[in-house]
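The block underneath contains the structure these notes are about, expressed in structure tokens.
The values are calculated or read from the model by the stated rules, or taken from the named source; none is laboratory data. What you are looking at is a predicted structure, and each value in this text was computed from that prediction instead of being measured. Quick reminder, even Gly has a Cβ in these numbers, built from the backbone with ideal geometry, and neighbours come from all protein chains shown. We work out accessible area using only protein heavy atoms, side chains counted, and drop any ligands, DNA or RNA first. Shrake-Rupley method; radii C 1.70, N 1.55, O 1.52, S 1.80 Å.
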Amino acid sequence: MENFINWLERNGVNMKNIKLIEIENNERSVLTTKDLNYGDDFFLIPKKLLIMSTEVEKSEIGKIILNLFSNSTTLTKNIINITIFILLSMKGYYGEETFWDPYYDILPKSVKHIPIFWTKELYYLKGSPLLIEIRDRVKSTRAEYNKLKNSEIPIKEYNITFNEYKKIRSLVSSRNFNLSIDGKQSTTLVPLADMLNHNSNADTNWSYNNNLRSYQMTMKNSVKKGNEVSDSYGRKTNDKYFLYYGFLLGDGEVE
């Protein structure tokens, strides 16, 4: 974690009012070290730290993926493109070290709380329509992987397994932000911003600030020093929160 924080600070992120702590399921929580009020900036993440689909798709491999999945939704193509970019980066395709290594190092090592990684636990969902959704999602992810493996993309050469693909794809799917950057919509990973936990009454708003050339997160609630700062993962039904993130909201919390 220290290496990640140092990386953020070296690249222009002000971390003096932010504290990161570890919580259950190998996840993190973001706290404030000072009182925050409506309209305050919580943090800015410079553009150079973002992993953007609009940049990834310009590469030779990115173009292959766009063609390979031409019948898929834009979001699906973007998620696959970022997933493959990260996996190849981790495997050394772009060199022994890459700019985003400190970010990759803090991604969750285990995603067992997400249902598509369950095995014996699926027994408890017997008779539930959720079981069908989980199996369909695993099946479609397997189909993607097989298509990639049988293409020009060096999946076999770099020993990228289905489980590795499923894990990184799941992380990209659950952590991306849809941002308008320089006039183009981009599916984007934003280091640090993806550590905030969900709350239906989120404390923050966010967008890309083209003038500041940064992802900008501002406060829409007041939060006292030492408390957690929350974000919203979007308006979804409870089964979608469960399927994609591995949690359920209590009564009255579902948006």
Item to check | Selection from TYR103, ILE80, GLY12, by position along the positive dipole direction of the stretch 1-157 (Cβ) | outcome: ILE80
Item to check | Most mobile listed residue (SER214, SER151, SER170) in the chain, GNM with C-alpha springs under 10 Å | outcome: SER151
Item to check | Spatial separation of Cα centroids for the stretch 83-121 and the stretch 162-197, in angstrom | outcome: 12 Å
Checklist entry - When the Debye formula is applied to the Cα atoms of the chain, each taken as the same point scatterer, what base-10 log of I(q)/I(0) results at q = 0.07, 0.08, 0.13, 0.14 Å⁻¹? => result -0.25, -0.33, -0.90, -1.05
Checklist entry - Using a 1.4 angstrom probe with every protein chain in place, what is the largest-first accessible-area order of ARG142, ARG175? => result ARG142, ARG175
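Using a probe radius of 1.4 Å on heavy atoms only, what accessible surface per residue do you get for the stretch 161-255? Whole Å² is fine. Walk me through the intermediate numbers first.
Numbers: 4330 Å² over 95 residues.
I get 46 Å² per residue for this part.
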Checklist outcome for this item: Quick shape check on the stretch 11-147: root eigenvalues a ≥ b ≥ c of the Cα gyration tensor, a/c under 1.5 is rounded, otherwise prolate if a/b tops b/c, else oblate, and it reads oblate
Checklist entry - Shape of the stretch 137-255 from its Cα gyration tensor (a ≥ b ≥ c, root eigenvalues): rounded if a/c is under 1.5, otherwise prolate when a/b > b/c, or oblate? => result oblate
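Take the solvent-accessible surface of the protein heavy atoms, probe 1.4 Å, and return the percent of it on the chain that carbon and sulfur atoms account for. Spell out each step's value before the answer.
Details: 6190 of 13250 Å².
C and S atoms contribute 47 percent here.
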Checklist outcome for this item: When the charge dipole of the chain is computed with +1 at the Cβ of Lys and Arg and -1 at the Cβ of Asp and Glu, the Cα pointing farthest to the positive end, of PHE42, PRO129, VAL190, is that of PRO129
Next on the checklist: With every protein chain left in place and a probe of 1.4 Å, what is the accessible surface of MET52, to the nearest 10 Å²?
Outcome noted: 20 Å²
Item to check | Hits among lysines - C-alpha to C-alpha of LYS34 under 23 Å, sequence gap 8 or more where chains match | outcome: LYS16, LYS19, LYS220, LYS224, LYS225
Item to check | GNM result for the chain, Cα springs below 10 Å: residue of LYS112, LYS48, LYS120 fluctuating most strongly | outcome: LYS120
Item to check | Choice from GLU228, GLU57, GLU164 showing the highest fluctuation, given a GNM over the chain with Cα pairs closer than 10 Å | outcome: GLU164
